[in-house]
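Comments concern the structure below.
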Amino acid sequence: MPGILEKNYLSHAEQTNPAPHGEGQVAWECPANIAIIKYWGKKLLQLPLNPSLSFTLSKSKTRLSLAYAVDPGYSFDLDFRFDGKAFPEFRQRIHAYLQRVLDFFPFLKHAHLAISTSNSFPHSAGVASSASSFGALALALCSIEQKIHGTENIDTGFFRKASFMARLGSGSACRSVYGGAVLWGCTQRCAGSSDETAIPVSTPIHPEFNNFRNTILVVNSKAKPVSSSAGHELMDIHPYAEARIIQANTNLGLILDILNAGDLIGFIDILEHEALSLHALMMSSNPGYILLHPNTIVIIDTIRSYRRDTGLPVGFTLDAGPNVHVLYPAAIEGSIRLFIEEHLKKYCENGIVIHDQVGEGPEWFEV
Ligand code: PMV
């Protein structure tokens, strides 16, 4: 059963008669995001089991340009370059995605596409790039759709469709098409929230969280032994799935109040609780698995001791992997950078540390 938005987009797609044509190039930069309340487990077509909330980053982003030629006489063709080189593994994933979304973008059936993409962060840093990549691709496809229909208008509807399309590539990607604090998933706490697309958080956010910092400590850059897709799937039969859904909804309500009140201590409490709960779910899956590295644990302990000793509001979160995201307000950046340099960097693979912060969201650029 398609959802409400899914039907909207399908019916929009069906109105594309006679077949459109055109050629040109579009380009978008889309940032990664870091989840504060984690999405873990899905149902039906990439819909989340629980609502999640993330901060969109600023410097960690994917830059994607897409040259297109659409003509009723063409059949689908894809050239894909990553960092200027062919990358068969990525191409295959993008190809499969484009075939899956044909009903939403019928012009693709008659399109020759040349995608050229690169990330601002090193490919080997183990930083998840699927959110920024699928965000950028979805935005580019929405731009082409508008161009060939002559309806160029980068408005709310444009971003809503981009979020919907990004979600079909990678769930968390739907949050990357907006800047700042972003919510994905139905919750009574936010009018307009949806499982099908993300929305920017409408609750006012306290200035304490302006330009919030996020330093990524790269503990291990190797591919994960268990993918996020496999991890989500294990939630289908997880003994604690029901409790997790309740926990995530409770934490979401709390974090919205905390963001509004500027309660940094409360923020860190939920932030770390969510990170450890995510990994506890992995460990208690059947089969259980561990993505943490011994250095992840040392870093967590060191951050907690530093916070106890200094009283500074610095905390950590984790993705589905061993790397640690350190979050802190801009006002204490000097002290935390020094702390990272002196006490945490030594636990990172080749000393790789990426300093980022909450950003404004994607940007299109001229090519
Ligand atoms: O979007 P996916 O399928 O790669 O899953 C992302 C899951 C987490 O990063 C662990 C949590 C989240 O909400 O981003």
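Only the coordinates and a few stated rules stand behind these numbers; no lab work does. Owing to the predicted nature of the structure, the values given are computational and were not obtained by experimental measurement. Quick reminder, even Gly has a Cβ in these numbers, built from the backbone with ideal geometry, and neighbours come from all protein chains shown.
When both segment 346-367 and segment 239-313 are represented by their alpha-carbon centers, they are found 22 Å apart. Taking the Cα centroid of segment 63-107 and of segment 186-230, what is the distance between the two, rounded to the nearest whole Å? So the two Cα centres are separated by 27 Å. Based on Cα contacts under 8 Å between residues 6+ apart, the chain shows a relative contact order of 24 percent. Rounded to the nearest 500, the 222 nm mean residue ellipticity of the chain from helices alone is -11500 deg cm²/dmol, with -39,500 (n - 2.57) taken per DSSP H run of at least 4 residues. With semi-axes defined as the square roots of five times the eigenvalues of the C-alpha gyration tensor, the equivalent ellipsoid of segment 108-227 measures 25, 23, 14 Å, largest first.
What number in nm² do you get for segment 212-357 if you take the convex hull of its Cα atoms and divide its surface by four?
Working: hull surface 35.6 nm².
Mean orientational projected area (segment 212-357, Cα hull): 8.9 nm².
Angle of helix 241-261 to the longest C-alpha principal axis of the chain, folded into 0 to 90 degrees and rounded to 10: 80°.
Applying 0.36 nm per residue to the separation of Glu341 and Ala86 and subtracting their alpha-carbon distance, the gain on full extension is 88.1 nm. Placing +1 on the Cβ of every Lys and Arg and -1 on the Cβ of every Asp and Glu, with no other charges, gives the chain a dipole of roughly 520 debye about its Cα centre. In the distance distribution for segment 34-120, Cα-Cα pairs more than 15 Å apart total 70 percent. Packing here is the average count of other Cβ atoms within 10 Å per residue, and on that basis the peptides 316-322, 348-354, highest first, run 316-322, 348-354.
For segment 4-203, the alpha-carbon coordinates run over 48, 40, 29 Å along the three principal axes, in decreasing order. Computed from Cα positions, the angle between helix 130-149 and the longest principal axis of the chain comes to roughly 30 degrees.
Equivalent ellipsoid semi-axes for the chain, as square roots of 5 times the alpha carbon gyration tensor eigenvalues: give them largest first, rounded to whole Å.
Details: eigenvalues 246, 96, 78 Å².
Rounded to whole Å, the semi-axes are 35, 22, 20.
Compared with the dominant Cα axis of the chain, that is its longest principal axis, helix 4-14 is turned about 30°.
For a protection proxy built on the mean count of beta-carbon atoms within 10 angstrom, sort 278-289, 178-189 highest first, please. Numbers along the way, then the final one.
Values: 278-289: 14.9, 178-189: 21.3.
My ranking of the peptides, most packed first, is 178-189, 278-289.
Cross-link partners for Lys222 among the aspartates and glutamates, with Cα-Cα distance under 13 Å and sequence neighbours closer than 8 places in the same chain left out: Glu349.
With the highest mean first, a sort of the peptides 35-45, 239-249 on other beta-carbon atoms found within 10 angstrom per residue produces 35-45, 239-249.
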